[in-house]
Amino acid sequence: CGIGKYRDPRDPPLETPEGICRDCKDLNLPEGVKCDKVRLTLETLPLEDGYWRSSVDSDNIVMCETDSSCTTSPEETCAVGHEGPICSVCDEEYSKDALGVCQLCSSLDSQAIFLFVLCGIFVLLLLGLIISRRRTLDAIRRQVVSDNKQWSQRLKTKVKIVTSFYQIVSRLPNTLNVSIPDSYRRFSIAAANLFYLDAFSLFRLKCLLPPELYSFYASFLVTIITPIILSVILFAATFSNARKLADGQRKKLVNDRFYVFFSFTYLIFASTSSMAFSTFFCTTYGDDKTRWLIADKSIDYDSSFHKKFKFVSYAAILIYPVGIPTLYAYQLFKHREAIKDYKNRKTNNEIKHIAFLWRDYRPQYWWFEIYECFRRLSLTGMLVFFDTGSVLQLCFSIILGILSLQVYTECKPFEEPSENDLVRVSSLSIIFTLIAAIMFKLRSEDVTENSDRIGIALIIVNSLVFVMFGLGIFIPALLRFSKKFMTKNHIHDGQLKETGPECEDKNAFIDHFKRLVNSDEREAGWVNFDTKDWHIKSETAEEWMKKTGAQMQWRCTYGNGPANQVRVKFTVDLDINTALSHNHDEDHKMTSGQSYTLRKGEDWKEVYHAYVFPWPLRERDLVYTEYTKKELDGSHIYVSRNCKELSEATSSLSVKAGRKRANLIIGGVHFRPLDDGKVEITSLMQIELGGVLDAFDFYKRRVALTYMKGIVDQYYRKANGDSTHSASFISKGNSSSNASSALNIELGNMIRTHAGTFDEGDGHENVFVVENPMTIRKEEQKV
């Protein structure tokens, strides 16, 4: 036979008893053979690196797990140290390293022993530190500020998401039994060993243990029994220590240990469940009809011992894939009302022991950890109910992936928007990986030619989750660094400082605002804005101030730090009634993204307001209370501050709408009629927008300057008969209609739910009025 063909002696026709010439391109994996010579036969047909066949009489080519495990020799298809189906089994004196390649034990024994001893020393030191310095650690813990605690909690949540993702995606190649590029297979094996905490592979325990103690069954029993033993030790130590403590300390100890226990069960859930189901995953390779266990290809699935061992797997399934979600469901359902109480749940001692199960999620999604267990289980162990590697199994996996993405997109269950983004990216990455698996299953010519590129693309896609995780850690740290070291500090010794506890009373708060409006540099430390922060190209700062007569100032309310409060004072040629009417005109407001009056009284109202910023900044929203007061001299005051109780009750809506909740410290407008018929207007604002807008001082100054300039320009244009709007950094208009509509409906329902918990006194109205069009209207009702 010529180049590109080989002679097949099986079932030869009468005219050519030595066999017929077949085209190499007709093989099931033509890229796996070398047909570059003449006179090739089926027996002498050479294979490419990384391909295997069950015998020299077989033309069924199979891809090996790693390129280096299979050779090109027709006689010896497996490399040194490899044997068995697809050369996936290691010889006696060899063991697999972290990348799945069989290495001689003596070559890396020292490294494995070193890693094992190093980890042992680390664990002993950690335990010694905890025992010997428990009191010191408690003292340090009490000194940690709330910001750091919150950052630490957000870090734990991101670690949970990343761990869950890599535990799923690293098992997909084995679970689906799909031939994938060697580069991506190495990546998935390394990720599986790391995130499943596979000590047998990481430390190459086969080289350290006697042959009779190292096997798949030994690994199975260690994986299943070790968590039970550790849990028993944990609770025994807890019971022993709790007897010596007072009731309050005993309760705290039990809560802490249960938190550790639930964290531990989450960590081992995927690995133990996957191991429990692994005894049921089997397949055949090439023309060999033997069904081999995918987890250990040296085990005959139909052997009598394996059939008996499956009864142990049934017990493991009851304990882990069934038992852990059932335990979660019982605890969460039992305490669901306390978990849904957003205001008190973080301080409720009755549910602190299961905080690991609910703290990451919004109150209405108290059950979401149960769904997470089902999702992780369905994409790993439950696929055993389909034929391994079948198209049906692959299609079912993609359907599950798409449904999971839809759930995350619609529900947005996590309290932090960045965590919702991270989990959606991880779901997309799983879907892309499953689509690639179908592509490799079909093995079209273009896929075969570009398999290496697809493998690299898969590594990049899977790595995006870790990149987002890294950015989620790096960016907040960068923002804190910028806020601390890259801000322009303002130092003053004025007596009028921040809005303190003494301003909790409404009248005291209004008086504090009046003092700020009338204060000077000596009393409050006001300084004129720096013209370097002026970025309006249409006119210079000097031209604008000369035209409008405005005086813009800012200060640090603490006396030493970045400027966080801004004030602008100007005079307009309008009568007091026209100026007040313009203040009530929602259409003139620069920030009219969405604004809804939630409740009204005679001299107060509570408002939900959304700020729409240009991409890539997140929208902000807030719930504030606005007070109004008319002075004896004809002046009018409109001053607002954050409505803490309503803000907490509706904070989950910000997450669902993809917004970040802002905090209005103080903001208002003061109208003073002058003797010449004009009006002096003073606008003051102190708001914490969060994120980059608070961290980068120069950016915050520009936003404040633009906001205040817009207010002045609106009144100036009104006085001159011009109704056009000035350019604004903060966009006008609503968010996407679907998101806004859903937000409006849920906001109205939540206000209805929480309205009864607020006591404003007799005679106050509770009116749900929509200042922008909205589908819900709550008419007058007594509170």
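Does residue 497 meet the test of being modelled with pLDDT under 75, farther than 23 Å from residue 630 by Cα and open to solvent by 60 Å² or more (accessible area, probe 1.4 Å)? Break it down into steps so the answer makes sense when it comes.
On the way: modelled with pLDDT under 75: no; farther than 23 Å from residue 630 by Cα: yes; open to solvent by 60 Å² or more (accessible area, probe 1.4 Å): yes.
When the stated conditions are applied, residue 497 does not pass them.
Tell me, please, whether a residue that is under 30 Å from residue 542 (Cα atoms) and modelled with pLDDT of 90 or more can be found in segment 638-654.
Going through segment 638-654, the residues under 30 Å from residue 542 (Cα atoms) turn out to be 638-639.
With modelled with pLDDT of 90 or more added as a condition, the list becomes 638-639.
So far as segment 638-654 goes, yes, one or more of its residues are under 30 Å from residue 542 (Cα atoms) and modelled with pLDDT of 90 or more.
Within segment 303-391, considering only helices (runs of 4 or more DSSP H) that don't extend past its boundaries, which have at least 3 residues that are in contact (Cβ under 8 Å) with a residue 40 or more places away in the chain? I'd like the intermediate steps shown before the answer.
On the way: elements: 304-317, 323-334, 336-340, 355-358, 368-378.
Here the list reads 304-317, 323-334, 355-358, 368-378.
Looking at the structure I just gave you, is residue 102 free of Cβ contacts under 8 Å to residues at least 60 places away in the same chain and buried (at least 21 other Cβ atoms within 10 Å of the Cβ)? So that I can check it myself, show each step before the final result.
Values: free of Cβ contacts under 8 Å to residues at least 60 places away in the same chain: yes; buried (at least 21 other Cβ atoms within 10 Å of the Cβ): yes.
Against the criterion (free of Cβ contacts under 8 Å to residues at least 60 places away in the same chain and buried (at least 21 other Cβ atoms within 10 Å of the Cβ)), residue 102 qualifies.
Name the residue that is nearest to the chain's Cα centre (by Cα), counting only residues in segment 280-310 that are of a type in the set (Lys, Arg) and open to solvent by 20 Å² or more (accessible area, probe 1.4 Å). Spell out the reasoning first.
Quick first cut of segment 280-310, residues of a type in the set (Lys, Arg) only: 289, 291, 297, 307-308, 310.
Adding the requirement that they be open to solvent by 20 Å² or more (accessible area, probe 1.4 Å) leaves 289, 291, 307-308, 310.
On the way: 289: 45, 291: 40, 307: 42, 308: 42, 310: 37 Å.
Here the residue is 310.
Restricting attention to segment 659-674, which residues are crowded, with 22+ Cβ neighbours inside 10 Å and touching an Asp or Glu at 6+ places or on another chain (Cβ under 7 Å)?
Of everything in segment 659-674, those that are crowded, with 22+ Cβ neighbours inside 10 Å and touching an Asp or Glu at 6+ places or on another chain (Cβ under 7 Å) turn out to be 659, 662.
Anything in segment 53-90 that is in contact with a strand residue (DSSP E or B) (Cβ under 6 Å, 6 or more places away or on another chain) and without any contact (Cβ under 8 Å) to a residue 24 or more places away in the chain? List them, or say none.
70, 81, 82, 83
Give segment 355-406 a look and list any residue that's of a type in the set (Asp, Glu) and in contact with a Leu (Cβ under 8 Å, 6 or more places away or on another chain), or say none. Break it down stepwise before answering.
Step one: of segment 355-406, the residues of a type in the set (Asp, Glu) are 360, 369, 372, 387.
Selection gives 369 alone.
Go through (1) open to solvent by 10 Å² or more (accessible area, probe 1.4 Å); (2) under 44 Å from the mean Cα position of the chain (by Cα) for residue 72 and report which single condition fails.
Only one criterion in (1) open to solvent by 10 Å² or more (accessible area, probe 1.4 Å); (2) under 44 Å from the mean Cα position of the chain (by Cα) is unmet by residue 72, namely (2).
Name the pairs whose Cβ atoms lie under 6 Å apart, with the first residue in segment 641-663 and farther than 16 Å from residue 340 by Cα, the second among the hydroxyl-bearing types (Ser, Thr, Tyr) and assigned to a strand (DSSP E or B), and 6 or more positions between them or separate chains?
Cβ pairs passing all conditions: 642/624; 643/624; 643/625.
What do you reckon, is residue 267 over 18 Å from residue 216 (Cβ atoms) and surrounded by fewer than 17 Cβ atoms within 10 Å (Cβ to Cβ)?
On the way: over 18 Å from residue 216 (Cβ atoms): yes; surrounded by fewer than 17 Cβ atoms within 10 Å (Cβ to Cβ): no.
Against the criterion (over 18 Å from residue 216 (Cβ atoms) and surrounded by fewer than 17 Cβ atoms within 10 Å (Cβ to Cβ)), residue 267 does not qualify.
What is the residue count in segment 537-579 for residues that are aliphatic (A, V, I, L, M) and either over 19 Å from residue 714 (Cα atoms) or open to solvent by 40 Å² or more (accessible area, probe 1.4 Å) (or both)? Lay out the reasoning, then the answer.
Here is the first cut: in segment 537-579, the ones aliphatic (A, V, I, L, M) are 541, 545, 550, 552, 563, 566, 568, 572, 574, 576, 579.
Filter once more, so that each one left must be either over 19 Å from residue 714 (Cα atoms) or open to solvent by 40 Å² or more (accessible area, probe 1.4 Å) (or both): 545, 563.
The qualifying residues number 2.
So if I check each of 438, 454, 430, 460, which one is surrounded by fewer than 15 Cβ atoms within 10 Å (Cβ to Cβ) and either among the charged types (D, E, K, R) or under 30 Å from residue 61 (Cβ atoms) (or both)? Show your work before the answer.
Working: 438 fails: surrounded by fewer than 15 Cβ atoms within 10 Å (Cβ to Cβ); 454 fails: surrounded by fewer than 15 Cβ atoms within 10 Å (Cβ to Cβ); 430 fails: surrounded by fewer than 15 Cβ atoms within 10 Å (Cβ to Cβ).
Result of the check over 438, 454, 430, 460: 460.
Quick test for you: out of 618, 599, pick the one residue that is within 28 Å of residue 500 (Cα to Cα) and at pLDDT below 85. Outline the logic, then answer.
Numbers: 618 fails: within 28 Å of residue 500 (Cα to Cα).
Every option except 599 fails the conditions.
Is it true that residue 511 is under 40 Å from the mean Cα position of the chain (by Cα) and open to solvent by 20 Å² or more (accessible area, probe 1.4 Å)?
Details: under 40 Å from the mean Cα position of the chain (by Cα): no; open to solvent by 20 Å² or more (accessible area, probe 1.4 Å): yes.
It is false that residue 511 is under 40 Å from the mean Cα position of the chain (by Cα) and open to solvent by 20 Å² or more (accessible area, probe 1.4 Å).
The values are calculated or read from the model by the stated rules, or taken from the named source; none is laboratory data. Note that the structure is predicted; figures quoted are calculated from it, not measured. So basically every Cβ, Gly included, is an ideal-geometry build from the backbone, and we count neighbours across all protein chains shown. Please note that ligands, DNA and RNA were not included when accessible areas were found on the heavy atoms of the full protein model with its side chains. Shrake-Rupley method; radii C 1.70, N 1.55, O 1.52, S 1.80 Å.
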